[in-house]
Structures are given as C-alpha cells and as structure tokens.
C-alpha cells in the first residue's frame, strides 16, 4: 500500500493536467483495468485510458474554458476523496460551477477506480442545447 500523502500528490498532479486539458497526460494516470464512473449517468462508465479520455473529451473539450477548483482532500491507504468544483464555460455564453465529490482508488501510482458524484440537474439546467446534443451522440 502506498503512502496516502503520495496518493494525494498524484491526484493533485492529475487535476493540474485536467485543468490544462492535457488528455495525453491524463491518460497516463490509468491502466487498461481502470474504471471511471459518472455516478449520475445511466451507463456503466468507461474502462481503460482510451475510453476514459474519450469520455472526458466528449464533455470537456468543446468548452471554451474549463477550471478545476480545488477543495478538501482526504486519503486513507489507497483511497483518496476530493471535494471540489469545476467551472465550465461554453463559448455561447453559458457558465456553471459544478460541485463534485470524486473518489479515487490508486494502485502502484495509477488510478484504478474513479467515481464522480455530482448533480446532473445542475449541469442540465446550465448547458446549452448544442452541447447536450453533442454529448448525446456519445464517445464511442
């Protein structure tokens, strides 16, 4: 089991890469067995770096601006929990700050499980129709 402080440092670097939307760097945090789940979404999520990054790109890449906003982080063994927000800005003028709780399980320096808990209604009430149409097409 890794030191919890080491795991927190990995997650801090991960969010810096997410904020830069450096999807090549983001992919390197995951293994082929990694599983990412948006808890409010109806599907099972994404498995492996390619599918995880494709899912992230689907929602975040079309944004004019994306800002992860740091919050409280706790770690116990291989588990890290992060309470944070993300500011999403669409080029058509819409904006939302989404509160999240993200739960990570790490193994040997990689994220093997990532579950995001957030309110779907907050996003749906703020997002422009063109973006909703875009994400409904899916990432596969």
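Any read-out appearing in this document is the output of simple, stated calculations on the displayed coordinates, not a laboratory observation. Model, not experiment: these values are computed from the prediction. We place every Cβ from the backbone using ideal geometry, glycine too, and count neighbours over all the protein chains shown.
Which value in deg cm²/dmol, rounded to the nearest 500, describes the helix-derived mean residue ellipticity at 222 nm for the chain, given -39,500 (n - 2.57) per DSSP H run of n ≥ 4 and division by the residue count? Let's see the in-between values first.
Numbers: 5 runs with 49 residues, N = 140.
Taking each H run of at least 4 residues, the total per residue is -10000 deg cm²/dmol.
The Rg/Rh ratio of segment 1-60, with both radii computed over alpha carbons and Rh defined as the Kirkwood radius, is 0.99.
Over segment 4-136, Cα pairs under 8 Å with separation of 6+ residues give a relative contact order of 25 percent. Shape class for segment 35-99: oblate, because the ratio a/c of the largest to smallest gyration tensor axis (alpha-carbon atoms, square roots of eigenvalues) is 1.5 or more and b/c is at least a/b. Taking label positions 7 Å along the Cα-Cβ direction at both residue 76 and residue 43, the computed distance is 3.3 nm, reported to one decimal. The long axis of helix 4-19 is offset from the longest Cα principal axis of the chain by roughly 20 degrees. Based on Cα atoms of the chain, Rg over Rh with Rh as the Kirkwood radius reads 0.95.
Our note on the geometry: Cα centres of segment 1-61 and segment 68-115, 9 Å apart. Where does segment 83-140 land on Rg/Rh, using Cα atoms and the Kirkwood Rh? Here Rg/Rh amounts to 1.06. Relative to the longest principal axis of the chain, what angle (0 to 90°, nearest 10) does the C-alpha long axis of helix 48-60 take? Its long axis makes an angle of about 40 degrees.
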